[in-house]
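The following block contains the structure, expressed as structure tokens.
The values are calculated or read from the model by the stated rules, or taken from the named source; none is laboratory data. Treat the numbers as computed from the prediction; the structure is a model and nothing was measured. Because the Cβ atoms are built from the backbone with ideal geometry, glycine has one as well, and the counts that use them run over all protein chains shown. The accessibility values were calculated without ligands, DNA or RNA, using every heavy atom of the protein model including side chains. Shrake-Rupley method; radii C 1.70, N 1.55, O 1.52, S 1.80 Å.
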Amino acid sequence: MSKNSIIKGTLILTAAGLLTRIIGFFYKIYLSGLIGARNLGVYQLIFPVYGICFTLYASGIQTALSKLIAEEFGKQSEPRRIKRMLFHGVLLSLSIALLLSCFVYWSSDYIALHFLEEADCAAPLRILCFAFPFCGITACINGYYYGLKKASVPAFSQLLEQIIRVGAVLCLVTFLPVDGKKEGCELAVIGIVSGEIASQFYNLISLLFGKKSSNHLPSLSNTKKESLRSDFGVIFSTSLPLTLNRLLINLLHSFEAVLIPKMLRETGLSQTEALSIYGIITGMSMPFLMFPSTITNSLSVLLLPAVSEAKAKNNHTTIAEVSSLTIKYSLLLGILSLGIFLTFGEELGSFIYGESIAGVYLTILAWLCPFLYVATTLGSILNGLGKMNLTFLNSVAGQVIQLILIAKLIPEFGMKGYFVSLLVSQLSITMVDFILVYKNTSFPFHAVNTLLKPSLILLVVCMISRKLFEYLFLNLSIHRLLLLLLCIIFLCVSYLIFLFIFRSIRYQEWKTPK
């Protein structure tokens, strides 16, 4: 896979991801007003269950399909062999998704009371489980397209899912009587299900009626039992470590989601107050923090099959070059995001959500940005190299450290303890992944151009941008949100220009040698 292909695919996925997150921002603002901070916390609590189930029926299988199809493509296997592998992956995912849907539906009360420790989560969980089969099929088809380095279908699928999710909720609220905030929370989950159904049908239509449709999925009658067993075996063996990795991580994240409100209650807060704080962090501050990661997430999705294909061809030079570039630009993005949120974090929280505490939390969480964004890239490189066990062990160790610190620090220091636990955990995960990638690829790393120059440039640009914002805010009658946006754009453009001037980045880096 060439650098140009990575750039093109990343731009497509990033554009869709940014549009999706912009829609999501306005939707979260609307949703927080519709259901309130407490029910926003209830809404966020069901996502750990969603994450665990997605991991079991889709996440590992999607990544396995992406990796295996990229390898088959690198070996120039026949298209029918690749499509057959997708078909068997869909069968495996769909079977697991249906079983999990039934289990969650009938166990929703028990999960809500004994796992999430919030009875109001039961009804949203019963609605949510209807999305599982559709989501599984979508994930497999996306994995197929990622493996072929065709990002347009997954990108539009992602955007369509968000549009339908938001549109469905707006229509339901408009045409159905909503008696309370609890009912609004359930309508929000119906929006999730609607979006997943629409996304799945779009993916199926694209697969069946797209270009070269004659080579699409084989019928059951043409599928030999030997090939069925062979494909299931390969997909299962490849997806199992990925699934176990993400399952354990999701279980730990789920435990964290339950633990945080519980530890906050030990500081003297009520159940409602604890859920409200949890809702502000996860529903307001963290979405802002993760907004720039749209770029690194898109990059990592394409990076895994690119590294897998290069590994299948024993092209170690390409692996080292691609690893070096993607790590560098992930760090540059993380440093820029750190500067934006430190400089304007409080205004972003108070101007957009009307919650000053959301801005305070965002400013503190800003220090996570460089580590969060580069960790995504590092993990994708390791998975592409077939080092899933290493990423698994490192992620688990980091998450366990975080849980221990949460349990120890929050009761004594409140939210400061939570922020410390996040930073320590993410820093340890990133540093270990960095060492592992370096040992396995020996990629060139230039600390001056990647860390020193960008940090100094950012410091100067942030100071100028802050002074400019304060001056214009006092002397011009511009809407404060528009002024804030203009100053952030000024900061980003200035940062980019100075990176070029001081040769921290060069256009030639992304040129593919002829």
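From the gyration tensor of the Cα coordinates in the chain, what semi-axes in whole Å does the equivalent ellipsoid have, largest first, with each one equal to sqrt(5λ)?
Sorted largest first and rounded, they come to 34, 31, 22 Å.
Still on this structure, I have one more. Around residue 29, under 14 Å between beta carbons, what's the net of Lys plus Arg minus Asp minus Glu among the other residues?
Local charge sum for residue 29: +1.
Per residue, how much accessible area does the chain show when a 1.4 Å probe rolls over the protein heavy atoms, in square angstrom?
Values: 22700 Å² over 514 residues.
Per-residue accessible area for the chain comes out at 44 Å².
Over the stretch 250-319, what lengths in whole Å, largest first, do the semi-axes of the equivalent ellipsoid take, defined as the square roots of 5 times the eigenvalues of the alpha-carbon gyration tensor? Kindly include the intermediate steps, with their values, before the conclusion.
Values: eigenvalues 338, 41, 10 Å².
Ellipsoid half-lengths, sorted descending, are 41, 14, 7 Å.
How big is the dipole moment of the chain about its Cα centre under a simple scheme where the beta carbon of each Lys and Arg is +1, that of each Asp and Glu is -1, and everything else is neutral? Debye, nearest 20, please.
1980
Binning at 5 Å from 0, report for the stretch 373-474 what percent of all alpha-carbon pair distances ends up in each bin.
Result returned by the calculation: 2, 11, 15, 13, 13, 13, 14, 10, 5, 2, 1, 0.
So what are the ³J(HN,Hα) numbers for the stretch 456-461, from phi and the Karplus equation (6.51, -1.76, 1.60; θ = phi - 60°), rounded to whole Hz, Gly and Pro as x?
5, 4, 5, 4, 5, 5
Over all directions, the average projected area of the alpha-carbon convex hull for the stretch 300-401 comes to how many nm²?
Seen from a random direction, the Cα hull of the stretch 300-401 projects 7.5 nm² on average.
Cα convex hull of the stretch 337-392: how many Å³ per residue?
85
Something else: Once the piece of chain linking residue 489 and residue 11 is laid out straight, how much longer is it, given 0.36 nm per residue of separation minus the C-alpha distance between them?
Full-extension gain reported as 170.2 nm.
Moving on. Starting from the Cα-Cα distance between residue 389 and residue 442, subtract it from 0.36 nm times their residue separation and give me the gain in nm to one decimal.
Roughly 17.1 nm would be gained on extension.
Using just the helices of the chain, give the 222 nm mean residue ellipticity in deg cm²/dmol: DSSP H runs with n ≥ 4 each add -39,500 (n - 2.57), and the total is spread over all residues, rounded to 500. Display every interim value, and only then the final one.
Values: 19 runs with 408 residues, N = 514.
Calculated at 222 nm, the ellipticity per residue is -27500 deg cm²/dmol.
Using the Cα atoms as the points, what is the convex hull volume per residue of the stretch 106-147 in Å³?
In the stretch 106-147, the Cα convex hull volume per residue is 78 Å³.
Here's another thing I want to ask about it. Please report the orientation-averaged projected area of the stretch 86-188, defined via the convex hull of its C-alpha atoms, in nm². All intermediate terms of the calculation are to be shown ahead of the outcome.
Numbers: hull surface 31.5 nm².
That works out to 7.9 nm², a quarter of the Cα hull's surface.
From a point 7 Å beyond the Cα of residue 205 in the direction of its Cβ, which residues of the stretch 126-152 have a backbone N at a distance under 16 Å?
Zone members listed by number: 138.
While we're here: If r is the Cβ-Cβ distance from residue 269 to residue 408 and R0 is 22 Å, what FRET efficiency results, to the nearest 0.05?
FRET efficiency, residue 269 to residue 408: 0.80.
Same structure again: If you look at just the Cα atoms of the stretch 431-503, how large are its Rg and its Dmax in Å?
Spelled out, the Cα radius of gyration and Dmax of the stretch 431-503 are 17.5, 56 Å.
In addition: For the stretch 401-514, what % of the accessible area comes from carbon and sulfur atoms, probe 1.4 Å?
On the stretch 401-514, the fraction of accessible area on carbon and sulfur atoms equals 73 percent.
Could you check how much of the accessible area of the stretch 63-161 is carbon and sulfur, as a whole percent, using a 1.4 Å probe? All intermediate terms of the calculation are to be shown ahead of the outcome.
Numbers: 2510 of 3930 Å².
Carbon plus sulfur share of accessible area: 64 percent.
Also, I was wondering about something else. Send over the Kirkwood Rh of the stretch 358-424, from the inverse of the averaged 1/r over different Cα pairs, rounded to one decimal Å. It would help to have the intermediate numbers written out before the result.
Details: mean 1/r = 0.0755 Å⁻¹.
Answer for the stretch 358-424: a Kirkwood hydrodynamic radius of 13.2 Å.
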